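Chemist: Okay, handing you the structure first.
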Amino acid sequence: MRPAGHPPPGCDVPLASDLLAALGSRGWSLAVAESLTGGLVSATLVDVPGASNVLRGAVVAYATDLKATLLDVDRALLDERGAVDPDVAGAMARGVRARLGADVGLATTGVAGPDPQDGQPPGTVHVAVCTPDGTTVRSLLLAGDRAQVRARSVEAVLALAVEILGRPG
């Protein structure tokens, strides 16, 4: 168990802080959909004091069927391609944004390992950011063990969001 007030190992609190500040400066709210990260994105965000001013909530949809029922990801897409897919990541970000009534949605899906999933090797990750201007997805092949892939996925989705929204001024 990690001590209170300390970020998850390998997770990037400065990026989380920058993202929350950028959203706060716009008066925007945030929702998060997580699969392989299992709550690490939202845990990293809530380690930042004042996160509750921006973060509406998070959905950990680890099982594929929950991506459809909780996040409105198209079942045909999931059946055809599986959960580890860039279009699924985009749909998750849009779905959590709509379901939780947020201005911005973040999403992570992928394979942390050690075994392949949906024909994809460990380290295959798709992260997505959905804003009022559209959805951006970034696909990555991350090196490392299970914990490293998950931590790097958190960093990747936060970095993409900061890239899209800009650093707070």
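Chemist: Kindly indicate whether residue 88 is outside any strand (DSSP E or B), open to solvent by less than 10 Å² (accessible area, probe 1.4 Å) and in contact with a His (Cβ under 9 Å, 6 or more places away or on another chain).
Modeler: Working: outside any strand (DSSP E or B): yes; open to solvent by less than 10 Å² (accessible area, probe 1.4 Å): yes; in contact with a His (Cβ under 9 Å, 6 or more places away or on another chain): yes.
Yes.
Chemist: Residue 66 versus (1) touching a residue at least 24 places away in the same chain (Cβ under 8 Å); (2) open to solvent by 20 Å² or more (accessible area, probe 1.4 Å): which is the lone unmet condition?
Modeler: Answer for residue 66: the failing condition is (1).
Chemist: Within region 12-27, is there a residue that is among the β-branched types (Val, Ile, Thr) and surrounded by fewer than 20 Cβ atoms within 10 Å (Cβ to Cβ)?
Modeler: Initial filter on region 12-27 (among the β-branched types (Val, Ile, Thr)): 13.
Filter again for surrounded by fewer than 20 Cβ atoms within 10 Å (Cβ to Cβ), leaving 13.
Scanning region 12-27, I find at least one residue that is among the β-branched types (Val, Ile, Thr) and surrounded by fewer than 20 Cβ atoms within 10 Å (Cβ to Cβ), so the answer is yes.
Chemist: What pairs can you find where one residue is in region 33-44 and on the phi > 0 side of the Ramachandran plot, the other is surrounded by fewer than 23 Cβ atoms within 10 Å (Cβ to Cβ), and their Cβ atoms are less than 8 Å apart, with a gap of 6+ or different chains?
Modeler: 38/60; 38/62; 39/58; 39/60
Chemist: What do you reckon, is residue 118 of a type outside the set (A, V, I, L, M, F, W, C), modelled with pLDDT under 95 and open to solvent by 10 Å² or more (accessible area, probe 1.4 Å)? Steps first, please.
Modeler: Working: of a type outside the set (A, V, I, L, M, F, W, C): yes; modelled with pLDDT under 95: yes; open to solvent by 10 Å² or more (accessible area, probe 1.4 Å): yes.
Yes.
Chemist: Where residues in region 138-150 are touching a helix residue (DSSP H, G or I) at 6+ places or on another chain (Cβ under 7 Å) and in contact (Cβ under 8 Å) with a residue 40 or more places away in the chain, which of them is nearest to residue 127 (Cα to Cα)?
Modeler: Step one: of region 138-150, the residues touching a helix residue (DSSP H, G or I) at 6+ places or on another chain (Cβ under 7 Å) are 138-140, 142, 144, 150.
Pick out the ones that are also in contact (Cβ under 8 Å) with a residue 40 or more places away in the chain and you get 139, 150.
Working: 139: 7, 150: 12 Å.
Here the residue is 139.
Chemist: Would you check if there is a residue in region 124-137 being part of a helix (DSSP H, G or I) and either free of Cβ contacts under 8 Å to residues at least 40 places away in the same chain or among the small types (Gly, Ala, Ser) (or both)?
Modeler: Our first condition is that a residue be part of a helix (DSSP H, G or I); within region 124-137, this holds for none.
Within region 124-137 (the criterion being part of a helix (DSSP H, G or I) and either free of Cβ contacts under 8 Å to residues at least 40 places away in the same chain or among the small types (Gly, Ala, Ser) (or both)), the answer is no, since none of the residues qualifies.
The values are calculated or read from the model by the stated rules, or taken from the named source; none is laboratory data. These numbers come from a predicted model, not from an experiment. No Cβ is skipped: glycine too gets one built from the backbone with ideal geometry, and neighbour counts run over all protein chains shown. Each accessible area value is taken on the protein alone, full model and side chains, heavy atoms only, with ligands, DNA and RNA left out. Shrake-Rupley method; radii C 1.70, N 1.55, O 1.52, S 1.80 Å.
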